[in-house]
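Structure first, then comments.
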Amino acid sequence: MHTSPVSVLSVPALADTSPLELFDHACRSLLGRGTEFTDTVVDKIRTEVPYYADPVLAPPDVRMCVDTGIRHALEATLDPGRIADIERFTRELGIRRAEQGRPLDEVLHAYRVAGSGVWSGIVGVVERDEIGDARQLVHVAELVWKSNDRDAVMVADAYRQVAKGFASRHGERVRLILAALLESRNEPAFTGDAAGILDLPLDGRFAVAVVRATPPYGRTPEGVPEIRGVRILRHTCAQGDVLVAHLGDSPLDTLVSGLEAGPGLRIGISPVVQGLDSLPRARDMAGLALGTCRADGEIARLDARLPDGLLISRPDLSAELAHMVLRPLYDLEPADRDTLFDTLRVWIENGGSAAQAARHMYCHRNTVLNRLRRFEQLTGLVLSRPRDLVQLTLALDAHRLFGPASALGAGFEQMGA
């Protein structure tokens with residue numbers, strides 16, 4: 001942050017007019033030099049304050065502020081009635097630098113260096129023009145520096161007054177940047193800048209979790225989960241909370257175990273992705289994982305539900321598959337149809353073992369085999385063929401995810417996708 005180098009120059013009249021005559025002459029001379037003198041002071045600031053020499057960190061309006069500050073200070077020295085201009089400028093400067101997020105220490109350092117530059121300019125004018133003994137200026141020096149210190153305090157006070165409010169605005173800036181990283185594929189330059197602002201590594205290991213509340217009672221937590229070894233940033237949108245987790249060296253299990261899906265909540269978690277530029281893909285995958293949840297209180301990892309995620313990603317094709325495979329079952333009586341569905345599900349869950357399925361269903365093994373043969377006759381599938389078995393498994397998963405509407409050939413909109 002830069003400050004007017006010379007609010008310092010507003011000094012009251014002294015009894016000894018000789019130093020004041022030298023002082024006034026020097027101020028008029030510096031005013032006449034205009035931008036040439038401004039450039040000298042700006043160069044001094046950039047030389048002595050490394051923060052202001054950095055083309056990225058330094059405020060872009062340094063030169064304008066130095067020029068305005070010098071002009072107000074020199075004019076107020078010649079016309080004390082204009083001291084109000086300096087006071088207004090210093091307050092506005094403190095506010096502006098706080099809003100820009102510039103470090104207060106650097107601002108005050110630059111302010112005092114600027115004051116030193118103006119004082120050197122005053123001494124230089126007196127020596128160059130040979131209008132008197134420059135040593136006489138010592139009589140005004142103390143008051144000049146007291147004035148400079150007073151104005152520096154004014155800058156700091158104004159800065160601190162807005163710092164708290166700025167923190168909330170900074171939070172909004174973080175939210176907007178995080179939203180942009182999640183929503184689209186960004187240019188490398190933007191991603192690099194975002195990494196600096198969010199204090200995240202460009203090539204770090206990340207995962208995204210989407211937390212959604214189901215009405216009417218579900219509510220997403222207000223705070224950010226605290227998980228040791230994992231830094232989490234939160235973005236809230238209409239669809240729910242999006243949690244961006246920088247995992248560092250922690251496994252995905254650390255994030256999963258640190259999240260809790262309470263009553264009325266469902267959570268979908270992406271696999272681990274590499275780099276900030278992969279966050280949009282991670283968000284998409286977390287959304288797919290969330291879509292596989294069928295009940296509140298469920299936490300779904302996509303890496304454990306990839307077939308379901310595949311079906312969720314193309315609900316139209318999933319419905320077509322379910323319709324093709326399972327539609328004949330809906331021509332049966334409801335009780336008969338439900339028995340076949342249960343038998344297929346239990347048989348698949350038990351690794352294709354008719355004996356194990358029979359034990360779970362409290363029936364004879366041959367009963368299970370007869371039901372499986374009946375299914376084959378109705379659908380034309382052969383369950384001993386791997387491809388047919390894959391089709392059946394995916395069709396049953398689609399039926400579970402989307403309901404009977406998928407097998408009955410309902411439209412995409414009717415399925416609520």
**OP:** State yes or no: is R283 in contact (Cβ under 8 Å) with a residue 40 or more places away in the chain, assigned by TED's automatic domain parsing to the domain that holds S257 and under 23 Å from V244 (Cα atoms)?
**Re:** yes
**OP:** Return a yes/no flag: does the stretch 378-393 have any residue that is of a type in the set (D, E, K, R), surrounded by 14 or more Cβ atoms within 10 Å (Cβ to Cβ) and more than 24 Å from R305 (Cβ to Cβ).
**Re:** no
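Scan the stretch 77-93 for residues that are touching a Ser or Thr at 6+ places or on another chain (Cβ under 9 Å) and closer than 16 Å to G121 by Cβ and jot them down. It would help to see each step written out before you state the result.
From the stretch 77-93, those touching a Ser or Thr at 6+ places or on another chain (Cβ under 9 Å) are 77, 80, 82-83, 86-87, 89-90, 93; that's our starting set.
Hit for the stretch 77-93 is T77, nothing else.
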Original post:
Does the stretch 45-67 hold any residues that are closer than 17 Å to D105 by Cα, touching a residue at least 24 places away in the same chain (Cβ under 8 Å) and assigned to a helix (DSSP H, G or I), and which are they?
Top reply: I45, E48, Y51, Y52, V62
Subject >> Subset of the stretch 361-371 (residues that are surrounded by fewer than 17 Cβ atoms within 10 Å (Cβ to Cβ) and not in a loop (DSSP other than H, G, I, E, B)) >> reply: R365, N366, T367, L369, N370
Subject >> Failed item, numbered, when D85 is tested on (1) in a helix (DSSP H, G or I); (2) in contact (Cβ under 8 Å) with a residue 60 or more places away in the chain; (3) not hydrophobic (A, V, I, L, M, F, W, C) >> reply: (2)
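Considering the stretch 295-309 alone, what residues qualify as being free of Cβ contacts under 8 Å to residues at least 40 places away in the same chain and in a helix (DSSP H, G or I)? Outline the logic, then answer.
So the first thing to find is which residues in the stretch 295-309 are free of Cβ contacts under 8 Å to residues at least 40 places away in the same chain, and the list is 295, 297-298, 300, 302, 304-306, 309.
If the condition is that a residue be free of Cβ contacts under 8 Å to residues at least 40 places away in the same chain and in a helix (DSSP H, G or I), then L302, A304, L306, G309 are the ones that fit.
Tell me yes or no: at least one residue of the stretch 271-279 is in a helix (DSSP H, G or I), of a type in the set (A, V, I, L, M, F, W, C) and within 46 Å of the chain's Cα centre (by Cα). First the steps, then the outcome.
Kept after step one, since they are in a helix (DSSP H, G or I), are these residues of the stretch 271-279: 276-279.
Those left that are additionally of a type in the set (A, V, I, L, M, F, W, C): 276, 279.
Add one more test, that the residue is within 46 Å of the chain's Cα centre (by Cα), and what stays is 276, 279.
Checking the stretch 271-279: at least one residue is in a helix (DSSP H, G or I), of a type in the set (A, V, I, L, M, F, W, C) and within 46 Å of the chain's Cα centre (by Cα).
Go through P80, P55 for me and flag whichever is assigned by TED's automatic domain parsing to the domain that holds L143, loosely packed, with under 13 Cβ neighbours inside 10 Å, modelled with pLDDT under 85 and closer than 22 Å to D149 by Cβ. Steps first, answer last, please.
Values: P55 fails: closer than 22 Å to D149 by Cβ.
Criteria check complete, one pass: P80.
Is the stretch 91-102 home to any residue that is touching a Cys at 6+ places or on another chain (Cβ under 7 Å), part of a helix (DSSP H, G or I), in the same structural domain as D133 (by TED's automatic domain parsing) and modelled with pLDDT of 85 or more? Give the steps one after another, and end with the answer.
Start the filter on the stretch 91-102 by keeping residues that are touching a Cys at 6+ places or on another chain (Cβ under 7 Å), which leaves 93.
Keeping just the survivors that are part of a helix (DSSP H, G or I) gives 93.
With the extra rule that they be in the same structural domain as D133 (by TED's automatic domain parsing), the set shrinks to 93.
Keeping just the survivors that are modelled with pLDDT of 85 or more gives 93.
Yes, the stretch 91-102 has at least one match.
Going by what's in this entry, would A195 be described as of a type outside the set (D, E, K, R), more than 16 Å from the chain's Cα centre (by Cα) and either assigned to a strand (DSSP E or B) or modelled with pLDDT of 85 or more (or both)?
Details: of a type outside the set (D, E, K, R): yes; more than 16 Å from the chain's Cα centre (by Cα): no; either assigned to a strand (DSSP E or B) or modelled with pLDDT of 85 or more (or both): yes.
So A195 fails the test.
Residue-wise test of (1) crowded, with 19+ Cβ neighbours inside 10 Å; (2) out of contact with any Ser or Thr (no Cβ under 7 Å at 6 or more places or on another chain); (3) of a type in the set (K, R).
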site	(1), (2), (3)
H235	yes, yes, no
P263	no, yes, no
P271	no, yes, no
L276	yes, no, no
P280	no, no, no
T292	yes, yes, no
A300	yes, no, no
Original post:
Going through the stretch 313-359 one residue at a time, which ones are among the polar types (S, T, N, Q) and assigned to a helix (DSSP H, G or I)?
Top reply: S313, S318, T339, T343, Q356
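Is it the case that some residue within the stretch 206-223 is farther than 24 Å from R294 by Cβ and in a helix (DSSP H, G or I)?
So far as the stretch 206-223 goes, no, none of its residues is farther than 24 Å from R294 by Cβ and in a helix (DSSP H, G or I).
The values are calculated or read from the model by the stated rules, or taken from the named source; none is laboratory data. These numbers come from a predicted model, not from an experiment. Glycine gets a Cβ as well: all are built from the backbone with ideal geometry, and neighbour counts include every protein chain shown.
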